[in-house]
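Presented below is the structure to which this report refers.
The values are calculated or read from the model by the stated rules, or taken from the named source; none is laboratory data. The structure displayed is predicted, hence computed values, not measured ones. All Cβ positions, glycine included, derive from the backbone under ideal geometry; neighbour counts span all protein chains shown. Ligands, DNA and RNA are excluded from the accessible area calculation, which covers all protein heavy atoms including side chains. Shrake-Rupley method; radii C 1.70, N 1.55, O 1.52, S 1.80 Å.
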Amino acid sequence: MKKILLPLLLIILVNSCERNDDETGITSSQQQGTVLQQRSVITPVPVGAPLDHHAIDGAINKSMSMYKTFNWMDAGLKMMWSALQYHESVVAIGYQPAGATDVDRNIHQINIKAGEWKEVHDALID
């Protein structure tokens, strides 16, 4: 299991930094005013028992062999939730201020310890 955990964490880290152009579900009226916005559609927590380790590992291995990549956003909520149950419910999240554009191009100029980036960070922590 430990042999799988390190590569899995590295894969998660690499893929979590990729740009994902899917719709966020956040309406333009929600983007004005507050630091944090709630999605327009809230997905309930999965019910029932979590998927077992073999099912999770199998799905990851299948994706890696077919596509040479794995993205947790493609895994589905049940699989993400199940993986969290087995790893002390620890998850890393990415964030950005509403309306931030060209983050990939300007990442070297962003100061996450000041301004709107810090506001979003602090709101998430609180």
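Among the residues of region 74-82, is there at least one that is without any contact (Cβ under 8 Å) to a residue 24 or more places away in the chain and touching a Phe, Trp or Tyr at 6+ places or on another chain (Cβ under 6 Å)?
Step one: of region 74-82, the residues without any contact (Cβ under 8 Å) to a residue 24 or more places away in the chain are 74-76, 80.
Filter again for touching a Phe, Trp or Tyr at 6+ places or on another chain (Cβ under 6 Å), leaving 80.
The answer is yes, given that some residue of region 74-82 is without any contact (Cβ under 8 Å) to a residue 24 or more places away in the chain and touching a Phe, Trp or Tyr at 6+ places or on another chain (Cβ under 6 Å).
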Which condition breaks for V90 when tested against (1) part of a loop (DSSP other than H, G, I, E, B); (2) open to solvent by less than 70 Å² (accessible area, probe 1.4 Å)? (2)
Tell me, please, whether a residue that is exposed (fewer than 10 other Cβ atoms within 10 Å of the Cβ), touching a residue at least 40 places away in the same chain (Cβ under 8 Å), of a type outside the set (F, W, Y) and under 17 Å from Q37 (Cα atoms) can be found in region 115-125. no
Would you point out the residue of region 35-51, among those that are in contact (Cβ under 8 Å) with a residue 24 or more places away in the chain and over 15 Å from L77 (Cβ atoms), that is surrounded by the most Cβ atoms within 10 Å (Cβ to Cβ)? Q37
Could you please let me know if D74 is open to solvent by 50 Å² or more (accessible area, probe 1.4 Å), closer than 30 Å to A55 by Cα and of a type outside the set (G, A, S)? yes
Do the conditions hold for M66, that is, is it outside any loop (DSSP other than H, G, I, E, B) and under 27 Å from T34 (Cβ atoms)? no
Just to verify a result, which residue in region 93-115, among those that are of a type in the set (D, E, K, R) and part of a loop (DSSP other than H, G, I, E, B), is farthest from M73 (Cα to Cα)? K113
